[in-house]
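I have placed the structure first, in the form of structure tokens, so that the comments after it can refer back to it.
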Amino acid sequence: MRTAIATIAALAALQSAPALAADTANPPTVELAAEASGPAANDLAVAVLYAERSGTSAAAVAREVNRDIAAALELSRAQGAVKVQSGNVSTWPVYGKDGQGRVAAWRMRSELRLESTDTAAMSELVGKLQETLALAQLSMEPAPETRRKAVADVIVDALRAFEVRARLIADTLGRRYRIAHLSVADHGLQPPPMPRMRAAVMAAEAAPAPLEGGESRVSVHVSGRIELLD
């Protein structure tokens, strides 16, 4: 169930009662804010795997890494339920310990990023890829469309909470109101308090990874200013 938490941020520009009645051109204003949050199903599995090699020849290291990545891409593309794309690629020198600043070797790392709403297909593919690649990350998050829908629902809740608070303030002061300014901000995802799978353990087992979706939470903050009318 979505929850809505409304809070008054500040009350400003409230004048004395006679002045309120007299100043119709510049009605008094009230600043307020409201917030709402709700669940978003973690229906998208995300995995990052990588190949890493080191050696005295930068060209040889690159050939080995590129060979492993090319084979992994071919295997991943054969699994139609999983989206695969190239990730970060980096090469850096390894300096010797003689203190002379000489390059003793080269190290290269290249990543693959996998995404799928089919957790069974993802689990099977990750298990196969770990025969040649190491696993850096395996997690669950809301798919883009799932997140958009969850945010849209929470925006409605936050706006209703703002409206309830604005009406409460105006009614308490015996006035009508109109909205002079409104701002809506998405605070992003709040993942559940669960650790990601340890890459070292997964690499050692090189087996299909168990995946459990669960839920993240999205939150929306609404702030604005209302004018109090006679």
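The values are calculated or read from the model by the stated rules, or taken from the named source; none is laboratory data. All figures in this text were calculated on a predicted structure; none of them were measured in a lab. Methodologically, a virtual Cβ is constructed for each residue, glycine included, from the backbone with ideal geometry; neighbour enumeration extends over all protein chains shown. What goes into the accessible areas is simple: the full protein's heavy atoms, side chains included, and nothing from ligands, DNA or RNA. Shrake-Rupley method; radii C 1.70, N 1.55, O 1.52, S 1.80 Å.
Consider only pairs whose beta carbons are under 8 Å apart and that are at least six residues apart or on different chains; among these, list those whose first residue lies in region 67-79 and is within 20 Å of ALA121 (Cβ to Cβ) and whose second residue is open to solvent by 50 Å² or more (accessible area, probe 1.4 Å) and of a type in the set (Lys, Arg).
Final answer for the pair search is LEU75/LYS128.
Only one of (1) open to solvent by 40 Å² or more (accessible area, probe 1.4 Å); (2) assigned to a strand (DSSP E or B); (3) under 26 Å from VAL46 (Cα atoms); (4) of a type outside the set (S, T, N, Q) is not met by VAL94, so which one is it?
It is condition (3) that VAL94 fails.
Find the residue count for region 164-181, including only residues that are among the basic types (Lys, Arg) and assigned to a strand (DSSP E or B).
Residues meeting the conditions: 2.
Here is a yes/no grid of residues against (1) under 20 Å from the mean Cα position of the chain (by Cα); (2) closer than 30 Å to ILE155 by Cα; (3) surrounded by fewer than 17 Cβ atoms within 10 Å (Cβ to Cβ); (4) modelled with pLDDT under 65:
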{"site": "HIS181", "(1), (2), (3), (4)": "no, yes, yes, no"}
{"site": "HIS187", "(1), (2), (3), (4)": "yes, yes, yes, no"}
{"site": "VAL201", "(1), (2), (3), (4)": "no, no, yes, yes"}
{"site": "ALA207", "(1), (2), (3), (4)": "no, no, yes, yes"}
{"site": "GLY214", "(1), (2), (3), (4)": "yes, yes, yes, no"}
{"site": "VAL218", "(1), (2), (3), (4)": "yes, yes, no, no"}
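In region 36-53, is there at least one residue being more than 27 Å from the chain's Cα centre (by Cα) and either open to solvent by less than 50 Å² (accessible area, probe 1.4 Å) or among the aliphatic types (A, V, I, L, M) (or both)?
No - not one qualifying residue is present in region 36-53.
Scan region 87-95 and give yes if some residue there is over 23 Å from the mean Cα position of the chain (by Cα) and under 18 Å from GLY213 (Cβ atoms), otherwise no.
Checked region 87-95: no residue is over 23 Å from the mean Cα position of the chain (by Cα) and under 18 Å from GLY213 (Cβ atoms).
Cβ-Cβ below 9 Å, separation at least six or inter-chain, first residue in region 84-103 and closer than 16 Å to ALA70 by Cα, second open to solvent by 80 Å² or more (accessible area, probe 1.4 Å) and not aliphatic (A, V, I, L, M): which pairs?
Close Cβ pairs (under 9 Å, with a partner that is open to solvent by 80 Å² or more (accessible area, probe 1.4 Å) and not aliphatic (A, V, I, L, M)) amount to VAL84/ARG77.
Being in contact with a strand residue (DSSP E or B) (Cβ under 8 Å, 6 or more places away or on another chain) and either open to solvent by 60 Å² or more (accessible area, probe 1.4 Å) or over 18 Å from GLU52 (Cβ atoms) (or both) is the filter here, so list the residues in region 65-75 that pass it.
ASN66, the sole residue that qualifies.
Give me a count of the residues in region 104-141 that are open to solvent by less than 80 Å² (accessible area, probe 1.4 Å), under 30 Å from VAL218 (Cβ atoms) and in contact (Cβ under 8 Å) with a residue 24 or more places away in the chain.
The total comes to 20.
Take VAL84 and decide whether it is in a helix (DSSP H, G or I), open to solvent by less than 70 Å² (accessible area, probe 1.4 Å) and either at pLDDT 95 or above or among the charged types (D, E, K, R) (or both).
no
Contact list please: Cβ distance under 8 Å, first residue in region 42-61 and outside any strand (DSSP E or B), second residue open to solvent by 50 Å² or more (accessible area, probe 1.4 Å) and among the small types (Gly, Ala, Ser), pairs at least six apart or on different chains.
Here the result reads THR56/ALA104; VAL61/SER54, each pair linking region 42-61 to a residue that is open to solvent by 50 Å² or more (accessible area, probe 1.4 Å) and among the small types (Gly, Ala, Ser).
Return a yes/no flag: does region 142-163 have any residue that is under 27 Å from the mean Cα position of the chain (by Cα), assigned to a strand (DSSP E or B) and either at pLDDT below 95 or loosely packed, with under 13 Cβ neighbours inside 10 Å (or both).
Among the residues of region 142-163, not one is under 27 Å from the mean Cα position of the chain (by Cα), assigned to a strand (DSSP E or B) and either at pLDDT below 95 or loosely packed, with under 13 Cβ neighbours inside 10 Å (or both), which makes the answer no.
Of the conditions (1) in contact with a Gly (Cβ under 6 Å, 6 or more places away or on another chain); (2) in a helix (DSSP H, G or I), GLU111 clears all except one; give me its number.
Looking at each condition in turn, GLU111 falls short on (2).
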